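Here the structure comes first, spelled out in structure tokens, and everything after it is commentary.
The values are calculated or read from the model by the stated rules, or taken from the named source; none is laboratory data. Note that the structure is a prediction, hence the values are computed from the model and not measured. Here the Cβ positions follow ideal geometry from the backbone for every residue, glycine too, while neighbour counts run over all protein chains shown. Accessible surface areas use protein heavy atoms only, side chains included; no ligands, DNA or RNA. Shrake-Rupley method; radii C 1.70, N 1.55, O 1.52, S 1.80 Å.
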Amino acid sequence: MEQHYPFSLPPLPYAYDALTPQLDQRTLHFHHDKHFAAYVDNLNKLLSDQPEYQSWSLEQLCWDWCQLPDDIRQGVRNNAGGVYNHDLYFKIMAPTPASTPSGDLAGAITRDFGDLQALKDAMKAAALGQFGSGWAWLVFDREGRLSVRKTANQDTPLPLCPLLTCDVWEHAYYLQYQNRRAEYFDNWWQLVDWPQLSETYRLRRSTLPRCPND
Ligand code: MN
């Protein structure tokens, strides 16, 4: 994801049928090519005649939206968040994960949750407990402490550093799972790319000044 306006839609990092049976082709097509694309288009439209904000990074737009002019503030909050959240969501899934956390991340999960099952339980509680549209998150702070959060609509957990996120908007699962959000969550969990997350945790812990709260 490029760092400032004009933003463009990142390609899906795998084939549209690569995540079956957990997420089917039709769901991925609509979610990535229609919903994610709409957030990118809407964010660009909002910033197209706002040259003073076109140099802002995506993270800054998500984090500092309250500093923006009245007429674009809520729109940027919703659409920059939509771009940021979906960019992460599609990147943290993989076709053949069949893996577990390793390295520093494995140790942090044991320290902060007890074990991977306890982390899953906490994430699932956040995903099912989010009333209406929103997101469940695994995040870490400046000290590398992990925690689970949920956000409404397209809000991000910034300035905490997001590691993993589950989209619980109905558009993420309704075509395939209808109202069965718990079943969607359990199947989505099988797609989590733990090797990638383990590497992200290691790298971002060593470059934490990239976080907007620094
Ligand atoms: Mn979505």
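The rows are residues; the columns are (1) charged (D, E, K, R); (2) within 16 Å of the ligand (Cβ to nearest atom); (3) under 28 Å from residue 33 (Cβ atoms); (4) touching a helix residue (DSSP H, G or I) at 6+ places or on another chain (Cβ under 6 Å).
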residue	(1), (2), (3), (4)
129	no, no, no, no
144	no, no, no, yes
150	yes, yes, yes, yes
167	yes, yes, yes, yes
171	no, yes, yes, yes
190	no, no, yes, no
198	no, no, no, yes
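When 76, 83 are checked against the criterion of being in contact with a Cys (Cβ under 9 Å, 6 or more places away or on another chain) and closer than 25 Å to residue 199 by Cα, 83 stands alone in meeting it.
Listed here are the residues, each with its yes/no results for (1) loosely packed, with under 15 Cβ neighbours inside 10 Å; (2) out of contact with any Cys (no Cβ under 9 Å at 6 or more places or on another chain); (3) assigned by TED's automatic domain parsing to the domain that holds residue 29.
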| site | (1), (2), (3) |
| --- | --- |
| 137 | no, no, no |
| 151 | no, yes, no |
| 160 | no, no, no |
| 166 | no, yes, no |
| 170 | no, yes, no |
| 174 | no, yes, no |
| 186 | yes, yes, no |
| 190 | yes, yes, no |
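For region 173-182, taking the residues that are free of Cβ contacts under 8 Å to residues at least 60 places away in the same chain and of a type outside the set (Ser, Thr, Tyr), the one that is nearest to the ligand (Cβ to nearest atom) is identified as 181.
Going through region 39-79 one residue at a time, which ones are more than 18 Å from residue 153 (Cα to Cα) and either among the aromatic types (Phe, Trp, Tyr) or assigned by TED's automatic domain parsing to the domain that holds residue 161 (or both)? If the condition is that a residue be more than 18 Å from residue 153 (Cα to Cα) and either among the aromatic types (Phe, Trp, Tyr) or assigned by TED's automatic domain parsing to the domain that holds residue 161 (or both), then 53, 56 are the ones that fit. Kindly establish whether residue 105 is more than 16 Å from the ligand (Cβ to nearest atom), touching a residue at least 60 places away in the same chain (Cβ under 8 Å) and not in a loop (DSSP other than H, G, I, E, B). Here the answer is yes, as residue 105 does meet what is asked. The set of residues in region 85-102 that are part of a helix (DSSP H, G or I) and open to solvent by 30 Å² or more (accessible area, probe 1.4 Å) comprises 88, 91.
The residue of region 40-70 that is nearest to residue 3 (Cα to Cα), among those that are polar (S, T, N, Q) and over 22 Å from the mean Cα position of the chain (by Cα), is 55.
Of all residues in region 104-135, how many are open to solvent by 60 Å² or more (accessible area, probe 1.4 Å) and either more than 28 Å from residue 17 (Cα to Cα) or not hydrophobic (A, V, I, L, M, F, W, C) (or both)? Going through region 104-135 one residue at a time, the tally reaches 8.
Of the listed requirements (1) within 16 Å of the ligand (Cβ to nearest atom); (2) free of Cβ contacts under 8 Å to residues at least 24 places away in the same chain; (3) farther than 22 Å from residue 185 by Cβ, residue 45 misses just one: (1).
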